[in-house]
1. Suppose each label sits 7 Å from its Cα in the direction of the beta carbon; what would the Lys118-Thr22 distance come out to in nanometres?
2. What is the diffusion coefficient of the stretch 105-144 in µm²/s, taking the Kirkwood radius over Cα pairs and the Stokes-Einstein relation at 20 °C with a viscosity of 1.002 mPa s?
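Read the figures in this text as sums done on the coordinates, not as results from a lab. Source: prediction; values computed, not measured. A quick note on method: Cβ atoms are made from the backbone with ideal geometry, for glycine too, and the neighbour counts reach across all protein chains shown.
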Amino acid sequence: MIELFEHIIHLDFKWIFANYGTTVYVILFLVIFIETGLVAMPFLPGDSLLFTAGLFAKSGELNLSYLLILLYIAAVLGDNCNYWIGRKIGLSVFNIKIKGRALVKKEYLDKTEAFFEKNGSKAIIMARFVPFVRTFAPFAAGVGKMNYRKFVTFDLLGGFLWIFSLTLAGYMLGNVTWIREHIDLVCLGIIFISVLPMLISFTRSKLAKRNA
């Protein structure tokens, strides 16, 4: 299991195909569900995994239709799970410790709440494209007891845009030789672009405090 986890983190699809065959669909479903559904797992490679899955769909190793449907369901179910964890358990989750260390860092929730303050309800959609915030947004919505019907409406749209845009981007660029030969660099670029808005916001906040 640990070996599989390491290969998922490194997006080693060839190893996963060789060892798990068609079970790869289940693995991809679980990765997206866990990243969006468990507040303690924000570090899984969501964006880059979707893009890479699209690349392999282009080469025929994955069925694009199955991929889009399964991952969309996983993303929506994950967010809903996280929403209800926040609504039923709330901030007490931050008191859970393993070997004296907090299971979940509260600083991520603080950043997500600031993201909500700035962007309002549309943050549910925008958060899909921001690592870490993506995991904590539905949890924060649950903690704040956001109207569930309103949450689901934004979540369905956000999940659709996230899953389809990144997976189809990988699919459409799947024939570009340079991209297939430099998947690691492309994934790093996707991660950088994803966190860029947070970096800009953080820098502006620091500069504003310094000027004040």
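1. Each label point lies 7 Å from its Cα, and together they span 4.6 nm.
2. Working: Rh = 9.6 Å.
Rounded, D is 224 µm²/s.
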